[in-house]
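Quick notes on the structure that follows.
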Amino acid sequence: GAGVSQSPSNKVTEKGKDVELRCDPISGHTALYWYRQSLGQGLEFLIYFQGNSAPDKSGLPSDRFSAERTGGSVSTLTIQRTQQEDSAVYLCATEGRAGLYGYTFGSGTRLTVV
Amino acid sequence: AQRVTQPEKLLSVFKGAPVELKCNYSYSGSPELFWYVQYSRQRLQLLLRHISRESIKGFTADLNKGETSFHLKKPFAQEEDSAMYYCALAGAGSYQLTFGKGTKLSVIP
């Protein structure tokens, strides 16, 4: 596609449920990043993919969070047993190769845990 | 640990006035610094990077290692500059960016 696509754009879930957030990168972009932005906060790094592998997952806040990337393309961020503090906008960004820092961002998924 | 501080949550200026968005960083090595911008109802996008020493949309930013700052400046603000601005830092050997909390710039007509 022409840009980075994220789905769903909005998700409301009950506390304790699992959620999956999806990111479709720009074709050919090998580097993919997940960030989250809580209300009034800056962007917080979660995980970085190079191809299908995740060399840096240091930002995942707990073992309830996991992510995978298949075929060097689509990535899924899964949050298990959601908590209210997980409410945030989850942003995906990609770039042709890591280290350029010219991220192309998706429009984000706004997650609300009630 | 690396940190980016943007001391102003909101900055309001009149059209035609100079703009300076402040950014200070904490990092022990030589960082790469960036400014990202998000206009209303648009996605976050890269505005400029210090290593390019470029001017984009009239904005410039100079890395001052002595003051550990990377302030964004424009001599004459335009209404279309109203947006959320984020300063970001990349540390050596790291592919992740550390972002500040952002400054909302409002240009008053």
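FYI, it's all coordinate maths here, none of it is from the lab. Source: prediction; values computed, not measured. Virtual Cβ from ideal backbone geometry, glycine too; neighbours counted across all protein chains shown.
How big is the protein assembly as shown along each principal axis, measuring the range of its Cα positions in Å and listing the largest first?
Largest first, the protein assembly as shown extends 50, 36, 34 Å along its Cα principal axes.
Rank A:T76, A:I47, A:S7 by how far each Cα sits towards the positive end of the charge dipole of chain A (+1 on Lys, Arg Cβ; -1 on Asp, Glu Cβ) and give me just the farthest.
Result: A:S7, furthest along the dipole toward the positive end.
Between the stretch A:40-114 and the stretch B:72-109, what is the C-alpha centre distance in whole Å?
21 Å
Magnitude of the Cβ-charge dipole of chain B, K/R +1 and D/E -1, about the Cα centre, nearest 20 debye?
The calculated dipole for chain B is roughly 200 debye.
I need to check one value: relative contact order of chain A, counting alpha carbon pairs closer than 8 Å and at least 6 residues apart, in percent.
37 percent
If you count, for every residue in B:38-46, the Cβ atoms of partner chains within 10 Å of its Cβ, what is the mean?
Partner Cβ neighbours, averaged per residue: 4.
Work out Dmax and Rg for the stretch B:6-73 from the C-alpha atoms and quote the Rg first, both in angstrom.
My reading of the Cα-based Rg and Dmax gives 12.7, 38 Å.
How big is the Cα convex hull of the stretch A:14-114 in projection, averaged over all directions, in nm²?
6.0 nm²
May I ask which residue of B:P109, A:S66, B:Q42 lies farthest towards the positive end of the charge dipole of the protein assembly as shown, with charges of +1 (Lys, Arg) and -1 (Asp, Glu) on Cβ and the Cα centre as origin?
Farthest towards the positive pole: B:P109.
Please list the equivalent ellipsoid semi-axes of the stretch A:60-114, computed as the square roots of five times the alpha-carbon gyration tensor eigenvalues, in descending order and whole angstrom.
So the three semi-axes of the stretch A:60-114 are 24, 14, 10 Å.
Among the lysines in the protein assembly as shown, how many pairs, 8 or more places apart or on different chains, have alpha carbons under 19 Å apart?
22
What number does the stretch A:28-82 give for Rg over Rh if you use C-alpha atoms and the Kirkwood radius?
Across the stretch A:28-82, the Cα-based Rg/Rh ratio is 0.98.
Once you charge only the Cβ atoms, +1 for Lys and Arg and -1 for Asp and Glu, what is the size of the charge dipole of chain A about its Cα centre, to the nearest 20 debye?
Using Cβ point charges on Lys, Arg, Asp and Glu, chain A gives about 100 debye.
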